[in-house]
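Beneath this line is the structure, given in structure tokens, with notes to follow.
Quick note: the coordinates plus some simple rules give every number you see, no bench work behind them. Predicted model only: the values in this text are computed from it and were never measured. Glycine also receives a Cβ, built like all others from the backbone with ideal geometry; neighbour counts cover every protein chain displayed.
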Amino acid sequence: MEKVNWKILNAALWFEIVLAYFLPFDSMHVNPIGFLIDVLIIYLVILLCVKGYQKWKCRFWRKRQ
């Protein structure tokens with residue numbers, strides 16, 4: 001199991017807070033379990049995007065050399 005990337009988790013938390021602000025119909029009722037699930041999903045999506053970008057970047061540079 002990997003360690004938690006705190007920078008990505010922080011970004012996921014802020015992203016969820018901003019989404020709740022701009023989409024108030026999701027935050028009319030305080031549901032901490034739903035909030036944590038949303039943060040987890042956003043964290044995983046950001047993590048997959050970062051890892052995919054790093055893999056693509058590595059392959060791109062190998063092809064150029």
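Could you pull out every residue, at least 5 positions away or on a different chain, whose amide H is within less than 5 Å of the one on ASN5? Hs are placed 1.01 Å off N in the peptide plane, and Pro or chain starts have none.
none
Where nothing but the Cβ of Lys and Arg (+1) and of Asp and Glu (-1) is charged, how large is the charge dipole of the chain around its Cα centre, in debye to the nearest 20?
So the magnitude is around 900 debye.
Helix 6-22 versus the longest principal axis of the chain: what angle, 0 to 90°, nearest 10, using Cα atoms?
The angle comes out near 40 degrees.
Compute the signed sum of charges (Lys and Arg +1, Asp and Glu -1) over the other residues within less than 15 Å, Cβ to Cβ, of ASP38.
Once all neighbours under 15 Å are counted, the net charge is -2.
Could you please report the charge total around GLU16, scoring K, R as +1 and D, E as -1 over all other residues with beta-carbon less than 13 angstrom from its beta-carbon?
So the environment of GLU16 carries a net charge of -2.
Helix 32-64 versus the longest principal axis of the chain: what is the Cα-based angle in degrees, 0 to 90, to the nearest 10?
Orientation of helix 32-64: about 10 degrees from the principal axis.
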